[in-house]
Amino acid sequence: MENTLNNWKNEFKDNKFRFGFLFVVIIFPLAMFSMSQMLHFVEDRQNIRIADPILSLFTPVDLTWFTFILIYGGIVLLFVHLFRYPRILLLAFLSAAVSVILRMCTLYLTPFQAPETIIPLIDPTVAFFGGGRTFLNDLFFSGHTSSMFILFLNSQTKVYRNIFLLGTILTGSAVIIQHVHYSVDVFAAPFFGFAAYIFSKRILNRLFDFNV
């Protein structure tokens, strides 16, 4: 623990790291707040349902708590894992913020309505930022799946990579089984998560010399 705290103290001696830290601390809550406003727009506009041959194969099953354990357990686990790597931890947060920004763009361009058979996944974080409202039409792409894939991409050991890769598969499967998302929302999510990760690396490396 002492070595970890020393890592942070040493990093904060670097002006570029301090600016990078401030940049991430500003961008992340701004992205979350902007998404909260976007969710209301997406929920209230005229949306359309699409045919999904995969969802039509089975009736939905409520896996809400299983999904929450995966997502929030994964976030806590990665935070503990990456706290010893200050620059990678900031990369993970920035990747999440960029993923949210990408998701706002795709939500605007894809006016999908939730599957008729959906069992709502009431996420407390989304409800908090959205004023307590339950949102159903924030579909393309799956934020839960892309978030778990971002955890995988930022993992620093093989064990953690394997854990979060499995977590990505389980999370994507769970939201499909619950009919929270169309299958295309889930299949596309890792690609957007990867794009967010790569873009975030370039930002931190080019603007703040993070070398991550």
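Name the residue, out of Leu70, Leu166, Leu63, Leu170, that is within 13 Å of the chain's Cα centre (by Cα) and more than 22 Å from Asn205 (Cβ to Cβ).
Leu70
What's the number of the only condition in (1) at pLDDT 95 or above; (2) more than 18 Å from the chain's Cα centre (by Cα); (3) farther than 25 Å from Ala189 by Cβ; (4) surrounded by fewer than 19 Cβ atoms within 10 Å (Cβ to Cβ) that Val25 fails to meet?
Only one criterion in (1) at pLDDT 95 or above; (2) more than 18 Å from the chain's Cα centre (by Cα); (3) farther than 25 Å from Ala189 by Cβ; (4) surrounded by fewer than 19 Cβ atoms within 10 Å (Cβ to Cβ) is unmet by Val25, namely (2).
Every residue, every condition in (1) surrounded by fewer than 17 Cβ atoms within 10 Å (Cβ to Cβ); (2) without any contact (Cβ under 8 Å) to a residue 40 or more places away in the chain; (3) part of a helix (DSSP H, G or I); (4) hydrophobic (A, V, I, L, M, F, W, C), yes or no:
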{"position": "Ile169", "(1), (2), (3), (4)": "yes, yes, yes, yes"}
{"position": "Val175", "(1), (2), (3), (4)": "no, no, yes, yes"}
{"position": "Phe187", "(1), (2), (3), (4)": "yes, yes, yes, yes"}
{"position": "Pro190", "(1), (2), (3), (4)": "no, no, yes, no"}
{"position": "Tyr197", "(1), (2), (3), (4)": "no, no, yes, no"}
{"position": "Leu204", "(1), (2), (3), (4)": "no, no, yes, yes"}
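Please specify each residue of the stretch 57-88 satisfying the condition of being among the aromatic types (Phe, Trp, Tyr) and under 28 Å from Pro115 (Cα atoms).
Scanning the stretch 57-88 gives Phe58, Trp65, Phe66, Phe68, Tyr72.
Give me a count of the residues in the stretch 138-159 that are within 11 Å of the chain's Cα centre (by Cα) and among the aliphatic types (A, V, I, L, M).
3
The values are calculated or read from the model by the stated rules, or taken from the named source; none is laboratory data. Worth saying up front: this structure is predicted, and the values here are computed from it rather than measured. Positions of Cβ are backbone-derived with ideal geometry, glycine not excepted, and every protein chain shown enters the neighbour counts.
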